[in-house]
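The values are calculated or read from the model by the stated rules, or taken from the named source; none is laboratory data. Nothing here was measured: the structure is a model prediction, and the numbers come from that model. Here the Cβ positions follow ideal geometry from the backbone for every residue, glycine too, while neighbour counts run over all protein chains shown.
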Amino acid sequence: MCVKPVPWPEPDPQVVAVIAAMYGARKTPRPLAVQVRDRLGEWLADEQFAAAFGVRGKPGWSPSRLALVTVLQRAENLTDRLAAEAVRARIDWKYLLGLALDDPGFDHTVLAEFRNRVAGAGLERVALDALLAKLAAAGLVKAGGKQRTDSTHVVAAVAALGRLELAGESVRAALEALAAAHPDWLGQRICVPGFVRRYGTSMTSWRPPASQARRDELAVAYARDGYALLEAVYDSRAPGWLREVPAVEVLRRVLLQNYTRIITWDGREVIRRRDKEPDGDGLPPGHARIASPYDTDARWAAKRGEFWLGYKLHITETCDDPPPCSCRPQGAGGREHGPGCAQLAFPNLITHAATTAATVTDNQMTGAIHDDLTAKNLPPGQHYADSGYLSAALIVSEQARHGITLTGPLRADTTAQGRARAGYARADFTIDYDTQAVTCPQGKTSVSWTPCTKGGQPMAVAKFSPRDCGPCPARAQCTTSTRNRRQVTVPSRDHARAQAAARTAATTTAFQAGYARRAGVEGTIHQAVSHGARRARYRRLPKTRLDHIYMACALNLLRLHAYWTGTPLDRQRTSHLARLELSPPHKPELTTRILQRGETRGSPRSAPGCCAMSLGEGGDAGDGAAHDQDVHLVRAFVGADTLEVVGVPHR
Ligand code: SF4
């Protein structure tokens, strides 16, 4: 398939006439697809996708318009089939794509082929970059403004496997691939009925044995089958190309990462499962460990109690102040904004979306995000992020590299004493960089200063003398070292200054007020999640990344549509009940009380397990007599327990 670059056709006159008849005289805003075509024009070109397609063969559908379809598909959460049907049947999509009314569109498989080619060629970012270039020209995004970043987890589109299931599933995947690639060869190398019995169905379709001994036995049996299969593939008489079957390579790596295999002096094969050191033979680090034979990029990771297999998505968006407006001033410095006021609907637009393996930490991405934004000529002047993206080293380096001011709270002291908030933390020591000496709270001075590198950053380790620490009365508060001496890791002078300044600034009201701007990105994460960002649609990192970038384009277009049509940004909803609170004060007639399962409405207030909660102004529900006068009863479900919310008259 090749690309013959052509400009987008103008909207078909018949389609234009239909759109005009449908939306011309009405107040109903024109749909997203129509507005995008009218406002942005031709913002993508086929030439930008040329590297993903060959120079020979039959020309396919225009890749730039397929990219448009993919963006609209993400905006509306459509499947490939529904998106292809929308191209055939939707008048607004035909308007955007410049198709005639009777255009048959394309087969839905074209979209999958497009994604494969674009992800394979590393052109995932083309659509978002082109959109941002257009928006920068319109002044909606700019360099030097304010931006904010946050991340969320993304669950891979594969089953979460334990180590036992991983071994079995890897053998099964290799068998499936070899059976498809060279069935005759495989049929001669394995006992087909035996392997079908063991690997005929996926490992998640049945329950593994409960007994640990039986599970260990099964794990070794999987490994033995896997090694036998690999030996057959790597045999000199086997066709060489079989070794290049991806599932075979995955099996080799999974066995290497999870088992040790030795041949004893008497020729016996001994296979053992790897376990964590020091008891076992050691496991590879999490970032290198394959977790599924079907998605070798997915990794296990944990964050704040969340444990998932997959990826991480980092979203950066603008958070500049909206432009001033001339709407009528109202009391207390506020304004009564008129309908269609641009300030109300001014969009925060996504400037960067990065998908990484789940094990990549947030602060590993800070510099990469800034590099990408600078390459697009959209580096922020001030970048708001949470402590995960920050460190003293990053504050210094990003200011020096791109002139970006990172704003956010630094992580708390990570020393054992700092974490426990007990004993002498690093901040309790006085550092003199000129004399390269550290003085402890007991007035003792370090006896050595050794420069080192930690996480790529220059540091030094200062050690105190056992002669000072040994008899020190505060030793229990200071160190648990068996060598009876404290050592302190000292950041470089620049980093220490930046750290101190950031920690001091973080305590000020001005900082808190400015940093509140970061919280808005949580809303964007929420919007992304509602568009399926937390569950990968495709396997492997390149296609998941492409999906997220097209989702970012889709969210930008949805926000632009709200801006163009003067629809105010989604405000926090106020429930009817909360509105009551905002209304003039009144005496409540009801208070509420929550009863736990098993408690009756007439039971005394002091019954064991009773969870009384006053929601009204008047305090608790009162005694059992008051329960008998209930006037309102609602059932609510919380977890596995049924709670009854009972309204009683206020006394
Ligand atoms: S244990 Fe050593 S470093 Fe710590 S306070 Fe005592 S003398 Fe100072």
| said: One residue is enough: does the range 244-260 have a residue meeting the conditions in a helix (DSSP H, G or I) and either among the basic types (K, R) or on the phi > 0 side of the Ramachandran plot (or both)? | reply: yes
| Exactly one of (1) farther than 29 Å from G122 by Cβ; (2) in contact (Cβ under 8 Å) with a residue 60 or more places away in the chain is unmet by A52. Its number? | (1)
| request: Considering only the range 463-474, state which residues are more than 8 Å from the ligand (Cβ to nearest atom) and crowded, with 16+ Cβ neighbours inside 10 Å. | output: K463
| task | Select from the range 169-194 the residues that are surrounded by 19 or more Cβ atoms within 10 Å (Cβ to Cβ) and either of a type outside the set (A, V, I, L, M) or without any contact (Cβ under 8 Å) to a residue 12 or more places away in the chain (or both) and list them in ascending order. | result | E169, S170, R172, L186
| said: Can you tell me which of (1) touching a Phe, Trp or Tyr at 6+ places or on another chain (Cβ under 7 Å); (2) at positive phi; (3) near the ligand (Cβ under 9 Å from one of its atoms); (4) not hydroxyl-bearing (S, T, Y) is the one G443 doesn't meet? | reply: (1)
| Failed item, numbered, when D570 is tested on (1) modelled with pLDDT of 85 or more; (2) among the acidic types (D, E); (3) outside any helix (DSSP H, G or I) | (1)
| Every residue from the range 1-16 that is modelled with pLDDT of 90 or more and surrounded by 12 or more Cβ atoms within 10 Å (Cβ to Cβ) | W8, P9, P11, D12, Q14, V15, V16
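Test R197 against the criterion of being surrounded by 12 or more Cβ atoms within 10 Å (Cβ to Cβ), in the same structural domain as V171 (by TED's automatic domain parsing) and in a helix (DSSP H, G or I), and give yes or no.
Here the answer is no, as R197 does not meet what is asked.
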| task | For N484, work out the one condition from (1) away from the ligand (no atom under 16 Å from the Cβ); (2) in a loop (DSSP other than H, G, I, E, B); (3) of a type outside the set (V, I, T) it doesn't fulfil. | result | (1)
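Yes/no matrix, rows are residues, columns are (1) in the same structural domain as A67 (by TED's automatic domain parsing); (2) not small (G, A, S):
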position: K4; (1), (2): no, yes
position: W8; (1), (2): no, yes
position: A21; (1), (2): yes, no
position: T28; (1), (2): yes, yes
position: R39; (1), (2): yes, yes
position: E42; (1), (2): yes, yes
position: A45; (1), (2): yes, no
position: G54; (1), (2): yes, no
| Which listed residue is in a helix (DSSP H, G or I), within 16 Å of the ligand (Cβ to nearest atom) and outside the structural domain of K312 (by TED's automatic domain parsing), from Q477, Q499 | Q477
| said: What's the number of the only condition in (1) of a type outside the set (S, T, N, Q); (2) touching a strand residue (DSSP E or B) at 6+ places or on another chain (Cβ under 9 Å); (3) touching a residue at least 60 places away in the same chain (Cβ under 8 Å) that P409 fails to meet? | reply: (2)
| field | So V529, is it in contact with a strand residue (DSSP E or B) (Cβ under 6 Å, 6 or more places away or on another chain), assigned by TED's automatic domain parsing to the domain that holds R559 and more than 9 Å from the ligand (Cβ to nearest atom) | value | no
| said: Can you find, within the range 375-433, the residue that is farthest from the ligand (Cβ to nearest atom) among those that are surrounded by 18 or more Cβ atoms within 10 Å (Cβ to Cβ) and polar (S, T, N, Q)? | reply: T407
| request: Return yes or no: is Q487 within 26 Å of the chain's Cα centre (by Cα) and at pLDDT 85 or above? | output: no
| Which one is farthest from the ligand (Cβ to nearest atom), of the residues in the range 446-462 that are touching a Phe, Trp or Tyr at 6+ places or on another chain (Cβ under 8 Å) and not β-branched (V, I, T)? | A460
| remark: Exactly one of E169, E217, E176 is part of a helix (DSSP H, G or I) and in contact with a Pro (Cβ under 6 Å, 6 or more places away or on another chain), and that one is E169
| Number of positions in the range 261-277 that are in a loop (DSSP other than H, G, I, E, B) and either in contact (Cβ under 8 Å) with a residue 24 or more places away in the chain or β-branched (V, I, T) (or both) | 1
| message | Given the condition farther than 19 Å from L546 by Cβ and of a type outside the set (D, E, K, R), answer yes or no: does some residue in the range 56-77 qualify? | response | yes
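Hey, among L82, L78, which residue is aliphatic (A, V, I, L, M) and either out of contact with any His (no Cβ under 9 Å at 6 or more places or on another chain) or in a strand (DSSP E or B) (or both)?
Details: L82 fails: either out of contact with any His (no Cβ under 9 Å at 6 or more places or on another chain) or in a strand (DSSP E or B) (or both).
After ruling out the rest, the residue left standing is L78.
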| message | Cβ-Cβ under 7 Å, sequence separation 6+ or interchain: first residue in the range 472-493 and on the phi > 0 side of the Ramachandran plot, partner more than 8 Å from the ligand (Cβ to nearest atom) and assigned to a helix (DSSP H, G or I). Which pairs? | response | N484/P466
| Single unsatisfied condition, A554 versus (1) within 16 Å of the ligand (Cβ to nearest atom); (2) outside the structural domain of A437 (by TED's automatic domain parsing) | (1)
| said: So, in the range 504-529, exactly how many residues are of a type in the set (S, T, N, Q), in a helix (DSSP H, G or I) and loosely packed, with under 15 Cβ neighbours inside 10 Å? | reply: 3
| Before we move on, is D281 closer than 30 Å to D362 by Cβ and in a loop (DSSP other than H, G, I, E, B)? | no
